[in-house]
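This report refers to the structure that appears directly beneath it.
The values are calculated or read from the model by the stated rules, or taken from the named source; none is laboratory data. The shown structure was predicted, so the numbers you read here are calculated from the model rather than taken from an experiment. Positions of Cβ are generated from backbone atoms using ideal geometry, with glycine treated the same way; all protein chains shown enter the neighbour counts.
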Amino acid sequence: MKESVMWTPVVWIFVVASLYLETDAEYTIGVGIADVTGPPAEVTFMGYAKLTQKGRGIHLRQFSRAFIVDDGNSRFVFVSVDCGMIGNGLRREVINMLKTRYGSMYTEKNVMLSGTHTHSTPGGFLQDLLFDLSSLGFVKETFIALVSGIALSVRRAHEKMVSGRVFLTSGELLDVSINRSPPAYDNNPETEKRKYKYNVDKTMTQLRFISSDDKPLGVINWYAVHATSMNNTNRLVSSDNLGYACILFEKRMNPNAHPGKNEFVAAFASSNEGDVSPNIRGPRCQRTGRPCEVLTSSCPKGDECVAYGPGRDMFESTRIIAQRLTDKAWELWGQPDAVELRGPVGSIHQFVDMPKQEAQVYDEETKIISTVRGCSPAMGYSFAAGTTDGPGEFSFKQGTTTDNPLWNALRDFLATPSVDDIICHAPKPILLATGSMTFPIEWQPRIVSTMLGRIGNLIIACVPGEFTTMSGRRMRAAVKDAVIASGGPEDTEVVIAGLCNTYSDYVVTPEEYQIQRYEGASTIYGPNTLTLYLSHYSEMAGRLVKNQTGPPGPEPPELMNDLISLLTPVVFDSPKWGHEFGDVLEEPEPIVREGDTVRARFVSANPRNNMMHGSTYLTVERREGDRWVIEATDADWETKFLWERTSTVLGNSEVTVLWDVAPNTKPGKYRIRHFGYYKYIFGGVYPFTGTTSTFEISTGTRSRRRWQHKKLKPRTFCL
Ligand SMILES: *[C@@H]1O[C@H](CO)[C@@H](O)[C@H](O)[C@H]1NC(C)=O
C-alpha cells in the first residue's frame, strides 16, 4: 500500500512523458497559396502545341501551393503549381527571388517545384525553344506571373510556420483514368505486368499536415493522371481537373473563402501520368464514332482519333473527374489509420547532363554486364502525331518506326542528325534532332535537375518530365530498394512528383520505347533514358539516407538573355465610340432562377494590362443590408470571364461575364462588376470599373423543377 503510493508519482511521470512523446510534434510546418495566373488573352496555351489555342479569358485561376516541413535540422519545400510544367530557368528565378529575401535558407537543394500539367494555361514560360514555338517564343508576362506567384506562396508558407505533424495514407480510386498507349504498355514483360491489376496506377497517396493543436493545415494528394479534361478547343484559362479538385477540397475546409483566399491549402499534384488520360470513355474516331486503329490511334483519312468522357462536354468531364478526386481525398482524410511520419527531413539535388550519362546493366539471360548511355536530345516521328487527348496538326501516326524522305529533307534543313544520333535513338526515326539545334538557343535541355525529398519514411522522387505508369513503378521500386540497402527504413514509401524542376518531355521503359507511341517518340535521351535515371536516383537515394552530399552537377545554361519573343505587347486600348471603359453593353435579365446563366457585357480593355493577382476581373455581389457581399470571383467554377477584341485598329474590346446560378444560391438582389486596366495611347495603364444594374434571384419554387430539368441539356462552350 505504502509502496504503491510512493511509486505513483513516478508512474505518472512516465505516463505523462510517454503521452507527451506520443503527441509531440516532430516538425514545424507551413502552407501557403498564391495566384500565378498568366496573361489570359492572346497567349497560346502550353500543352497541346496548337497555335490557334490562344487565351480568351478565364474559367479557373492558376495557383501555386507551397508546403514547408522542417525537423529542426533541415528544411524541405514542396510546391505544386497549376501550370504545364516547370523549367530550369523558371526554378532558377524562383530560387533567386527566395535567396534575396531569406539568404541560404531556400536553395536548389531543398526547393522542389512540380507542375500539375494543365494544358489550359498560358505558355511561353519555358526557355528551350521547342517548348515556346507555339507561343511565338518566350512570354515574359507568363514567366513573371509564375516566378512571383510561386515565390509568394513559399513566402506565405514561411511566415505561417507552426509546430505540427504529418500523416501518410493512400487508397485506390477507379473511374478517373485510362492508359492512352496500351500497345506500348503491353510490350512490357509479362512477368512484370502480372504484378499489377491495372495498366495505370490507381493509387492516391495523401500527405496530411496537422498543427500540434490539431488544426488541419493542408494536404497533398498525388494521383497519376493528365490534366487534359479540357481539350484543345478550350480557350479559357483553366487549372483543369487537378486544379478544380484543389478548389473543391479547399472549399470543404474553408467554405466561406473564395479560391486563393483559403487558409487550408489542398494540392492535387502530378505523378507518373505520362501514358494516363482522364478521358475515360476512351478514344473514338471523331466523325464516325467508330473505334480507332489500335497501334497507331488513327482513323480513316480526314478523321481524328480523340478520347472523351466521362461528361457530355469538356467542362462536365473536368467537373466529374475533379469531384471524384476530391471525394476520394476526402475519404482518405477521414481515415483514422494514417501513418504518422517520423524521422529526419532531408533532400538531395543534382544536375545531370543526360547525353553524357552512363549506366551498367546486367542481362539476366546472357549474364553479361553492359554499359548503356544517353543520347543527344531528339524527337521521333510519332511525336508529331500527338495523342488521343489532343491529336497533332499533320498526318503523322503514332507507332511510326520508319521515316519519310520529304519530312527528312525538311528536318535536315533545321539540323541533320548524326550517324551516332540515328544509332543511339533507334528504333526511333528522328523527326527533330533537337540536340544539334542550337540556333539561336538550345531547343531542348541536355541538363536536367534530379532531386529527392524526404520526410521520415516518405521519399518524394522529383522527376524532370512525364514518366509512364511502368516507368514510375520501376522508379519507386528502385528508390525503395536503394533506401533499404543503405540502412533506411524498411517501410519506406516512395511517391513520384511529376513534371518537376525541369521539363525534358517523356520517359518510357525500354520495352515501351520499341513501340514508338507518342510517349516513346518523346523520350528525348533515347531508349535507355529510364535505365539511366533508375541507376542515378538509386545512387542519390543511398546518399540521402546516409546523409552524404553528392556533386552539384553542371549548371544548366543561362538562356534568359538570348530568348526570342514575337508576341506583340498591348499597344493601346480605347473604348468603343461614345462609351467609357466599364460601360455596360448588356444588362443581366432582371429576374433569374437557379440553373440559369446570368450574362453581362462590358466595354473593356486588354486583360494583359494587369493580371489582377490576388484579385479578380469580376465579382458577383449580393446585397446584404446596406452593403454588397462578394458571392463569386473569376476564380470560381460558376463564373466565366470572356474577353473579345472587337477592333484591333481602334484598340476596342469587350468582356462578357457568365455566372451559373448554382442550386442553393441565396435569393436576393445581385449585381455584377467588372474590373480592368486600360493602356492609354500616350503611355500608362489606368484602372476602370463597370457595374451592372441590380437583378434578383427569385426562389420561384413552382416551376423550378420542370425548368431545371430542361436546363440540364448539354451546354457546350466552344470559343
Ligand atoms: C472538345 O470538347 C468539345 C465539348 O466540350 C467537343 O465538342 C469537341 O469535339 C472536343 N474536341 C476535341 C478535339 O476533342
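The figures follow:
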| item | result |
| --- | --- |
| Breaking point among (1) over 29 Å from PRO464 (Cβ atoms); (2) in contact with a Pro (Cβ under 7 Å, 6 or more places away or on another chain); (3) assigned by TED's automatic domain parsing to the domain that holds ILE459, for ILE321 | (1) |
| Subset of segment 304-348 [more than 16 Å from the ligand (Cβ to nearest atom) and of a type in the set (Ser, Thr, Tyr)] | THR326, SER347 |
| Single condition ALA338 does not satisfy, out of (1) under 30 Å from ASP71 (Cβ atoms); (2) among the aliphatic types (A, V, I, L, M); (3) touching an Asp or Glu at 6+ places or on another chain (Cβ under 8 Å) | (3) |
| Residues that are within 16 Å of the ligand (Cβ to nearest atom) and farther than 18 Å from GLN516 by Cα, drawn from segment 362-420 | GLU393 |
| LEU712 within 16 Å of the ligand (Cβ to nearest atom) and either at pLDDT 95 or above or of a type in the set (A, V, I, L, M, F, W, C) (or both) | yes |
| Which numbered condition GLU316 misses (of (1) outside any loop (DSSP other than H, G, I, E, B); (2) modelled with pLDDT under 95; (3) buried (at least 16 other Cβ atoms within 10 Å of the Cβ)) | (2) |
| Segment 236-256 - residue that is part of a loop (DSSP other than H, G, I, E, B) and crowded, with 24+ Cβ neighbours inside 10 Å and, of those, nearest to the ligand (Cβ to nearest atom) | SER238 |
| Number of the condition not met by LYS197 [criteria: (1) more than 16 Å from the ligand (Cβ to nearest atom); (2) part of a loop (DSSP other than H, G, I, E, B); (3) in contact (Cβ under 8 Å) with a residue 24 or more places away in the chain] | (3) |
| Odd one out for ALA600, checked against (1) at pLDDT below 95; (2) of a type in the set (Gly, Ala, Ser); (3) in a strand (DSSP E or B) | (1) |
| Helices (runs of 4 or more DSSP H) within segment 450-549 that include 3 or more residues without any contact (Cβ under 8 Å) to a residue 24 or more places away in the chain | 469-485 |
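For (1) among the hydrophobic types (A, V, I, L, M, F, W, C); (2) outside the structural domain of THR233 (by TED's automatic domain parsing); (3) more than 22 Å from ALA224 (Cβ to Cβ); (4) within 28 Å of the chain's Cα centre (by Cα), each residue gets a yes or a no:
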position: ASN279; (1), (2), (3), (4): no, yes, no, yes
position: GLY282; (1), (2), (3), (4): no, yes, no, yes
position: GLN286; (1), (2), (3), (4): no, yes, yes, yes
position: GLY289; (1), (2), (3), (4): no, yes, yes, no
position: THR296; (1), (2), (3), (4): no, yes, yes, yes
position: CYS299; (1), (2), (3), (4): yes, yes, yes, no
position: ASP303; (1), (2), (3), (4): no, yes, yes, no
position: ALA307; (1), (2), (3), (4): yes, yes, no, yes
position: GLU316; (1), (2), (3), (4): no, no, yes, yes
